[in-house]
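Take a look at the structure below.
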Amino acid sequence: MRVIISILLVGAAIGAAVFGMLGLQGSLMRKPPFELFPDMDRQAKLRPQAPFHFFTNGITSQLPPFGTVARSQPIETANGAVYRFEDSPVNTGRITDTTNFVETNPLIVDAALLARGRERFDIYCAPCHGRTGDGNGITKKIGGMLAVANLHDKRIVEMTDGEIFNTVTYGKGLMGAAGPLVPTEDRWAVIAYLRALQISWLGTTNDLTAVSPATLK
């Protein structure tokens, strides 16, 4: 008897669940359902450019008060200032409206950017890749992490700056994403410094200008 009752209860529960999911699907209910949290469905908010008597000009949308400080500063690039919310190669590493990576660093590469890149590289990259980028960082020497890329490998040297930016931002394999940790301009600074490292390893005197060899010791 108890077995029969148990079977009936299980069947009733299954039937109720199926009816709850499919029974009234697509039906029109003239009686509105009970709203446990009505403020989540009916929020007290203002529509853009809608009439609103609170402000003197009678609309909801207002210009920022005089002296308002912007919540973010633009990034200075070779083509002008870019804000962090814009769909720009500076923020994505890709050519706008395409999936293609940009070839070269969009920031102005100068001594200050390289110095910043070296500082950030030594903090975020050197522990694994080594301070020279050869893949022999402290995590490999002591931590036993064997799968660390040598940043002077042909594969990485031939990568576009945009692709390296994408890898640094989102991570790859065992490498974690640096996007949430390192600001956009610092990631580009690291890439600029990485290119300088690669030139110091793989460059030849043929890459120098006619004046440069005379200054070398």
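The values are calculated or read from the model by the stated rules, or taken from the named source; none is laboratory data. Note that the structure is predicted; figures quoted are calculated from it, not measured. Cβ placement follows ideal geometry from the backbone for every residue including glycine, while neighbour counts extend to all protein chains displayed.
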**Asked** Here are some residues: Asp134, Asp122. Which one is of a type in the set (Asp, Glu), over 15 Å from Thr184 (Cβ atoms) and surrounded by 15 or more Cβ atoms within 10 Å (Cβ to Cβ)?
**Response** Asp134
**Complete:** Going through (1) among the polar types (S, T, N, Q); (2) within 28 Å of Ala81 (Cβ to Cβ); (3) not in a helix (DSSP H, G or I) one by one, Thr209 fails only at (2)
**Message:** If Glu158 satisfies all but one of (1) within 16 Å of Trp201 (Cα to Cα); (2) in contact (Cβ under 8 Å) with a residue 12 or more places away in the chain, what's the number of the condition it fails?
**Reply:** (2)
**Prompt:** Hey, any hits in region 8-19 for a residue that's at pLDDT below 85, assigned to a loop (DSSP other than H, G, I, E, B) and either surrounded by 10 or more Cβ atoms within 10 Å (Cβ to Cβ) or not basic (Lys, Arg) (or both)?
**Reply:** no
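Please enumerate the residues belonging to region 138-155 that are more than 14 Å from Cys128 (Cβ to Cβ) and touching a residue at least 40 places away in the same chain (Cβ under 8 Å).
Scanning region 138-155 gives a single hit, His152.
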**Prompt:** From the set of residues in region 101-114 that are touching a helix residue (DSSP H, G or I) at 6+ places or on another chain (Cβ under 8 Å) and either more than 12 Å from Thr160 (Cβ to Cβ) or free of Cβ contacts under 8 Å to residues at least 24 places away in the same chain (or both), which is surrounded by the most Cβ atoms within 10 Å (Cβ to Cβ)?
**Reply:** Leu107
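Kindly indicate which of Thr139, Thr209 is hydroxyl-bearing (Ser, Thr, Tyr), surrounded by 16 or more Cβ atoms within 10 Å (Cβ to Cβ) and more than 27 Å from Glu76 (Cα to Cα). Break it down stepwise before answering.
Numbers: Thr209 fails: surrounded by 16 or more Cβ atoms within 10 Å (Cβ to Cβ).
Going through Thr139, Thr209 in turn, just one is hydroxyl-bearing (Ser, Thr, Tyr), surrounded by 16 or more Cβ atoms within 10 Å (Cβ to Cβ) and more than 27 Å from Glu76 (Cα to Cα): Thr139.
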**Prompt:** Taking into account only those residues within region 142-156 that are surrounded by fewer than 16 Cβ atoms within 10 Å (Cβ to Cβ) and of a type in the set (A, V, I, L, M), which is farthest from Ala178 (Cα to Cα)?
**Reply:** Ile142
